[in-house]
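Right, one structure below, let's go through it.
The values are calculated or read from the model by the stated rules, or taken from the named source; none is laboratory data. Note that this is a predicted model, so its numbers are computed, not measured. Backbone-built Cβ (ideal geometry, glycine too); neighbour counts: all protein chains shown.
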Amino acid sequence: MERGIKKRGGGRWICWIALLLLFLVACDREPQERKIIIGPWKDTIASYHTIITFRANGSFGTLRLVEGQHSKIDDTGKNAKVDGKWQLLTPEVEGDPLLLVMTPEVVEGESPWEVDTPVTYLIERLTGSRMLLRSPTGGRISWDRLRSSKTPEEEEDGIPRVSVATGPLIVGLTKARLNEESRYLCVQLEVVVVDAEATPYVEERRLPSGEPSGGYRLHPSLREALVLHMSRLKYRDVRSLNHFQEVLGDLKMILLPYLRDHLSDLKVVKIIVTQTLDGVANFEAEFAPEEPPESADS
């Protein structure tokens, strides 16, 4: 009888050891890519702009901004919010894509997401700045990393990149008819530049003392070229962000002769079309370049 009891007790120890080993293996197999995914990303489809934030505790949140009147995107455009849990699954077969599983727990507003219904994406490519996925329906999706820093960023190839703000670009749109009301196009862009110090068309901003501030700005000739092209546009060319994508392609072609291989990307920060000078002034004040502060030693 005693031997039987000891035998059953030994079986329990074996079970505990087996569970511990399974736990350690699971922890060891946690994908290294998980650290890359943590943080905010942006998905843009037509006039819908979704911010997806992956948190280190395994939760995620999405916020959809809808393009409003005059192509303006602001807080009044919020109409959908999702919160839930996410996990990254290692493929069973080497060479297969990673799986990103997102399970909503709270869904507010109009949204294709459903509570407690997992959505699984195949991650085809993942870098520090972009995530290429395949949706459950088979379509390809591209999410871009949201960054606020103006200092150089390192991507997977080790080449330094910086995002350089254009500053507010403001023009009067060309009228298609004489009786058409006046409209003003206000645009803020970011030019992503590879190895900025190697091109004369990206200048390092300096403190009043002459010391580097850590920021960059575009050469005035690039801003003039962009403004010149935009001044020829009509309202029909920019009445939505979807239409503005064609204009954005033209602006990239304008920058290419100046920046050549240094041009990595051109991103839209904000666009509005306004009929008032007050709207122009507000936009200009919002994105006016800040003067770098003087160093403490001066």
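Assorted remarks:
- Residue in the range 226-247 that is nearest to VAL171 (Cα to Cα), counting only those that are free of Cβ contacts under 8 Å to residues at least 24 places away in the same chain and hydrophobic (A, V, I, L, M, F, W, C): LEU228
- Selection count, the range 202-221, where residues are modelled with pLDDT of 85 or more and part of a loop (DSSP other than H, G, I, E, B): 1
- Selection from the range 234-246 of residues that are modelled with pLDDT of 85 or more and over 20 Å from the mean Cα position of the chain (by Cα): LYS234, TYR235, ARG236, ASP237, VAL238
- Of residues in the range 62-91 being within 14 Å of ILE37 (Cβ to Cβ) and not β-branched (Val, Ile, Thr), the one modelled with the lowest pLDDT: LEU89
- Close contacts from the range 102-117, counting a first residue that is without any contact (Cβ under 8 Å) to a residue 60 or more places away in the chain and farther than 9 Å from VAL82 by Cβ and a second that is assigned to a loop (DSSP other than H, G, I, E, B) and of a type outside the set (A, V, I, L, M), with Cβ to Cβ under 7 Å and a gap of 6+ residues or different chains, come to THR103/ASP116; THR103/PRO118.
- Check on ARG125, closer than 30 Å to VAL191 by Cα and modelled with pLDDT under 85: no
- Sole residue being modelled with pLDDT of 75 or more, polar (S, T, N, Q), in contact with a Ser or Thr (Cβ under 8 Å, 6 or more places away or on another chain) and surrounded by 13 or more Cβ atoms within 10 Å (Cβ to Cβ), chosen from THR117, THR174: THR174
- Any hit, the range 256-263, residues being out of contact with any Ser or Thr (no Cβ under 8 Å at 6 or more places or on another chain), in a strand (DSSP E or B) and at negative phi: yes
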